[in-house]
Amino acid sequence: MDRLTFHLIPHTHWDREWYLPEAAFTARLVPMLDDLISRLQHDDEIRSFLLDGQTILLEDYLRVRPERAAEVGALVKAGRLQVGPWYVLADEQIPSGESLIRNLLLGTEDSARLGGRLEVLYSPDAFGHPGVWPALGQEFGIGYGVIWRGYGGEMAQGQDRFWWRSPSGREMLVYQLPPAGYEIGVALPRDWAPVRETLVRRAAGPHLPVFIGADHHAPHPDLERLRDRLSALDPASEFRVSRLEEFFIEAAREAKTLPVVVGELRWSYRYAWTLQGVHGTRAPLKRRNSALELSLERLVEPLTALARLAGAADRRALVSSTWRQLVQCHFHDTIGGCASDVVARAAETRMDGVAAAAEELVRSNVHALTGHDPDRAREARAEVTPTLALWNPSASPRGGIVIADVTFFRRDVPVGPPAGRQSTVQPDYEAFSLLAEDGETLPVQEIWKRRDLDRLDAVRHYPDQDEVDLVRIAFRTPPVPGLGLRLLRLGSPAPLSREPFAVAERRTLRNRFLEVAIEPGGGITFLDRHRGERFRHLLTLVGMRDGGDTYTLSGTGIESALHPLGGLRARVLAGGPLFAAIEARWKVVAGSVRLVCMIEADSPTLRCLLDFDNTAVDHRLRFRLPLGIGGVAAVAGAQFGTVSRPPVSVDPAEFPIETPVATAPAHRWVAAAKGSRGLALMSRGFFEYELTAQSDLLMTLLRSVGELSKGDLPTRPGHAGWPTATPLAQCPGSTRIEIALAAVTAEEVDGGTVIPRLWEDGFLPMRGFWMRDFCPSLASPPVPRPVVPHSRSPSPPAERGNWRGSIELEGDGLLLSAIKPAEAGEGMILRCYNATDRVVEGTWRFGTPVRAAYRVRADEQQLRPLAIEAAGTATRFTAAPREIVTVRVD
């Protein structure tokens, strides 16, 4: 090898929150950065300092020191202080693919405002990496990356750099940190000889980075003279204080013959701790995050984009602020659950804020799209017509069964001093149907009703608090276009057709696709009526003692079924014919169980809701689904695609550093099938699963542990974090898990699109937004009102809102990922990905003509014009295998 050149990379790794809360670490960050800025300004020998690849640290700093913004900007612009490209260093396997893109969009925005960006996808401490990682970097114009965990220690993994190829074929040159990680140079120049030996042993070229820093460390106290002192110790080598990109520029000259790695990086058990046990830790927090991600991605952003297209106020800044708050929860220790209880509570509080903002954004955007004016509703009560806005969040036309909640006024609830006010009281509501705008009658099934409180808000009036009857209904709607909106009004009652049907009787549910029975032991029997395949004992609860910590499972004893104590009680909640449901309740040694099984007349999917009141500690609780199909791999949903994983079986004695886990992460679904027999398990977002060699599929519901880190685990000797009690990580009390099951074939699993579409029907169904005070704005053009013989209020002519268009995606194998406002300008961003291994020709079709369309990266840069066809209502594109495709339309 030629003369060695060591690139000294001064840095700090800064966990924004971990065993201490964010406030404590910020109190340490501010004086550290005060000192660093002063040193950078007065000593040119410190050419640059790497601020951990995340911009949130400077956001926190400038919140305290706003007067230093110009100084910080000058250092960033000069390349002396390297920031980004991430907003936060996330645990990259838990957030959704769109969340990772928002993370990079926020980091790119912040970096640009500060003066420049680190052009390296820097991820020094994530617990493994998804296979799409290189493609994400390329989607933001980044060709280099740094990782630590998830790779190394196996045969043919002996070099410190490699080409990492995503499933779509996009490649990135990656440097892997040594086994000691980013801390290897923290004590230099002491112990230079062993540090040098470690780096040189794996070096794939004469240029080597030496990271000088560690967790929450101030800059090396002698950076100014460190280079000279190392040169004196090793005169045969060259030493430079470098920016990280400068190392990669040199390394790229020697990279042609490096090995190529394909797929996810989750296995480094002989090299460094991989810490995959975090996927089951604080599972309720992860489920809450997934629900909020889905709300922002597929409700808030599309509705914001459509409302803006229809002429409503620009709410992009509010959406961006809401995303920023959620992405703050994706810091790797926070969303991984391996942080203190104080940090977990802070994340829950942030999520409460995200949920509230999302709800308000959805409400205001629906009002804008329908033309509803809540203030006019207060002033023109005679023109109020209760209305259900039916919106299709899919990019494909959909009809079928819709579940919606409607409310009926009972009485006023005065708030404030009485001042002689009298409460208005109205009799009980009467039976009703829904009327489409063309006059078609849609009969409804009443599922349940209860008394509730409802508040009507308006910009220029105090809220109006009422007692109402809250009624959950089911109805069958004709197809609604993709991203289309339809208004439904109340009509006279109409009889329901009994075909096709969904029926619940005692402990059995059935429709034309499936039959489900709740077993005395708490599991279910599932019959696929089309293929005759029967699955028994699905969703059996199994438990095991877990003596581990928040990072690592340490199971003791045998995982066993949790049988009902004192029997199981079941009752029919909804008998059909559109929607049918059965509730079962029982107790087990770990707590009490409520399981609701639900089917719809037009769906092959069983939806289940589990409420579990956990009273146990130091244990793991899972669903077991015996599949009866040996010798297959599980195919799991992943960010922008899928990943196939066979069962894991290892000898722990071969892995003294850390025992590999048999569990794995999934996004939205996991499935296994052989021939015509198979099953897909679906959830709202992220979850942990396992497929055993006996073809049992298991889903983690809870990992209850009480310590942040233990130092004496047989599965991981040594502390992974600072010892801290975490009683809230025991997940005490009630938690809710929503899943869905569908019978699938091996061909459907391999095809890539059948299960995602079943998932979309189950977890992103048609949405009904009820407006009992609906009153159109005077600016909305009137349309003829259908005859409504069953109306308790005056019936003025109805008026409609501005959105009657559609946005639809065509192309066999293409799946919608995002519809959002463009980050800049007046455009709209449409993103999909190719779920297949073949080239797919795709088309976006619009109900409203567009002026221009462009192919762009995920960072919305590098515009390439696309042809507009069909009088401005269509644009075509080509999607390479597994490719992410982003289109901007104006």
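The values are calculated or read from the model by the stated rules, or taken from the named source; none is laboratory data. What you are looking at is a predicted structure, and each value in this text was computed from that prediction instead of being measured. All Cβ positions, even for glycine, are placed from backbone atoms using ideal geometry, and neighbour counts span all protein chains on display. Heavy atoms of the whole protein, side chains included, go into the accessibility calculation; ligands, DNA and RNA do not. Shrake-Rupley method; radii C 1.70, N 1.55, O 1.52, S 1.80 Å.
May I ask you to list the residues in the range 863-878 that are among the hydroxyl-bearing types (Ser, Thr, Tyr) and farther than 18 Å from residue 834 by Cα? I'd like the intermediate steps shown before the answer.
We begin by selecting, within the range 863-878, every residue among the hydroxyl-bearing types (Ser, Thr, Tyr); these are 873, 875, 878.
Passing the criteria: only 873.
So which residues in the range 97-116 are surrounded by 24 or more Cβ atoms within 10 Å (Cβ to Cβ) and either part of a loop (DSSP other than H, G, I, E, B) or among the basic types (Lys, Arg) (or both), if there are any at all? Answer for the range 97-116, where residues must be surrounded by 24 or more Cβ atoms within 10 Å (Cβ to Cβ) and either part of a loop (DSSP other than H, G, I, E, B) or among the basic types (Lys, Arg) (or both): just 102.
Going through 191, 228 one at a time, which residue ends up being at positive phi, exposed (fewer than 15 other Cβ atoms within 10 Å of the Cβ) and not aromatic (Phe, Trp, Tyr)?
Details: 228 fails: at positive phi.
On inspection, the qualifying residue turns out to be 191.
Conditions tested, residue by residue: (1) small (Gly, Ala, Ser); (2) over 20 Å from residue 65 (Cα atoms); (3) without any contact (Cβ under 8 Å) to a residue 40 or more places away in the chain.
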| position | (1), (2), (3) |
| --- | --- |
| 8 | no, yes, no |
| 12 | no, no, no |
| 26 | no, no, yes |
| 32 | no, no, no |
| 41 | no, no, yes |
| 44 | no, yes, yes |
| 47 | no, yes, no |
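Considering only the range 524-533, I want to know if a residue exists there that is on the phi < 0 side of the Ramachandran plot, of a type in the set (A, V, I, L, M) and without any contact (Cβ under 8 Å) to a residue 60 or more places away in the chain. Yes. Here residue 109 fulfils each of the conditions (1) under 19 Å from residue 57 (Cα atoms); (2) free of Cβ contacts under 8 Å to residues at least 40 places away in the same chain; (3) of a type outside the set (Gly, Ala, Ser) apart from (2).
Going through the range 19-56 one residue at a time, which ones are open to solvent by less than 20 Å² (accessible area, probe 1.4 Å) and either of a type in the set (Phe, Trp, Tyr) or at positive phi (or both)? Give the derivation first.
Just the residues of the range 19-56 that are open to solvent by less than 20 Å² (accessible area, probe 1.4 Å), to begin with: 25-26, 29-30, 32-33, 36-37, 40, 46, 48-56.
Result: 25, 49, 52, 53.
Does at least one position in the range 602-614 carry a residue that is of a type in the set (S, T, N, Q), closer than 20 Å to residue 735 by Cβ and open to solvent by 20 Å² or more (accessible area, probe 1.4 Å)? There is no residue in the range 602-614 that is of a type in the set (S, T, N, Q), closer than 20 Å to residue 735 by Cβ and open to solvent by 20 Å² or more (accessible area, probe 1.4 Å).
Within the set 151, 175, the sole residue that is among the hydroxyl-bearing types (Ser, Thr, Tyr) and outside any loop (DSSP other than H, G, I, E, B) turns out to be 175.
Among the residues of the range 646-662, which ones are buried (at least 21 other Cβ atoms within 10 Å of the Cβ) and not β-branched (Val, Ile, Thr)? Quick ask: steps written out before the conclusion?
Here is the first cut: in the range 646-662, the residues buried (at least 21 other Cβ atoms within 10 Å of the Cβ) are 658-659, 661.
Within the range 646-662, just 658 meets the criteria.
Checked against the criterion of being at pLDDT below 95, basic (Lys, Arg) and surrounded by 17 or more Cβ atoms within 10 Å (Cβ to Cβ), the range 378-392 has at least one qualifying residue. Those strands (runs of 3 or more DSSP E) of the range 663-715 in which 2 or more residues are open to solvent by 30 Å² or more (accessible area, probe 1.4 Å) and at pLDDT 95 or above occupy 664-674, 677-691.
Residues of the range 407-466 that are among the acidic types (Asp, Glu), buried (at least 17 other Cβ atoms within 10 Å of the Cβ) and touching a residue at least 60 places away in the same chain (Cβ under 8 Å): 454, 464. Of the residues making up the range 141-166, those that are more than 19 Å from residue 52 (Cα to Cα) and among the basic types (Lys, Arg) are 161, 165.
Name the residues in the range 260-284 that are part of a strand (DSSP E or B) and of a type outside the set (Ser, Thr, Tyr), would you? Passing the criteria: 260, 261, 262, 265.
The set of residues in the range 565-586 that are under 30 Å from residue 450 (Cα atoms), open to solvent by 10 Å² or more (accessible area, probe 1.4 Å) and not charged (D, E, K, R) comprises 567, 568, 570, 572, 573, 575, 576, 579, 586. Criterion applied to 137, 131 was being surrounded by 22 or more Cβ atoms within 10 Å (Cβ to Cβ), free of Cβ contacts under 8 Å to residues at least 40 places away in the same chain, of a type outside the set (Lys, Arg) and on the phi < 0 side of the Ramachandran plot, and the one residue passing it is 137.
If we scan the range 580-591, do we find a residue that is part of a strand (DSSP E or B), of a type in the set (D, E, K, R) and under 23 Å from residue 680 (Cα atoms)? Within the range 580-591, one or more residues are part of a strand (DSSP E or B), of a type in the set (D, E, K, R) and under 23 Å from residue 680 (Cα atoms). Taking every residue in the range 807-826 that is assigned to a strand (DSSP E or B) and pairing it with any residue that is of a type in the set (S, T, N, Q) and open to solvent by 40 Å² or more (accessible area, probe 1.4 Å), at least 6 positions away or on another chain, the pairs with Cβ-Cβ distances below 9 Å are 807/848; 808/396; 809/396; 810/396; 816/396.
When 345, 316 are screened for being basic (Lys, Arg), under 22 Å from residue 685 (Cβ atoms) and either in contact (Cβ under 8 Å) with a residue 40 or more places away in the chain or in contact with a helix residue (DSSP H, G or I) (Cβ under 7 Å, 6 or more places away or on another chain) (or both), only 345 passes. Residues in the range 233-241 include none that are hydrophobic (A, V, I, L, M, F, W, C), within 30 Å of residue 622 (Cα to Cα) and outside any helix (DSSP H, G or I).
Applying a threshold of 6 Å to beta carbon distances and a minimum spacing of six or more residues, or different chains, the list of pairs starting in the range 202-228 at a residue that is within 13 Å of residue 180 (Cβ to Cβ) and ending at one that is small (Gly, Ala, Ser) and open to solvent by less than 20 Å² (accessible area, probe 1.4 Å) reads 210/185; 211/185; 212/185. When the test is whether a residue is within 33 Å of the chain's Cα centre (by Cα), part of a strand (DSSP E or B) and either surrounded by 15 or more Cβ atoms within 10 Å (Cβ to Cβ) or touching a residue at least 12 places away in the same chain (Cβ under 8 Å) (or both), residue 353 does not pass it. With respect to the conditions (1) without any contact (Cβ under 8 Å) to a residue 40 or more places away in the chain; (2) of a type in the set (A, V, I, L, M, F, W, C); (3) in contact with a strand residue (DSSP E or B) (Cβ under 6 Å, 6 or more places away or on another chain), residue 187 lacks only one, and its number is (3).
The number of residues in the range 619-642 that are out of contact with any Gly (no Cβ under 6 Å at 6 or more places or on another chain) and over 29 Å from residue 597 (Cβ atoms) comes to 2. Considering the range 194-225, and only residues there that are among the charged types (D, E, K, R) and either modelled with pLDDT of 95 or more or under 26 Å from residue 2 (Cβ atoms) (or both), the residue that is most open to solvent (accessible area, probe 1.4 Å) turns out to be 201.
Taking the condition under 30 Å from residue 271 (Cα atoms) and either among the aliphatic types (A, V, I, L, M) or under 26 Å from the mean Cα position of the chain (by Cα) (or both), does residue 726 pass? Yes, satisfied.
Each row is one residue, and each column tells you yes or no for (1) in contact with a Lys or Arg (Cβ under 6 Å, 6 or more places away or on another chain); (2) closer than 30 Å to residue 717 by Cβ.
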site: 490; (1), (2): no, no
site: 510; (1), (2): no, no
site: 524; (1), (2): no, no
site: 533; (1), (2): yes, no
site: 547; (1), (2): no, yes
site: 552; (1), (2): yes, yes
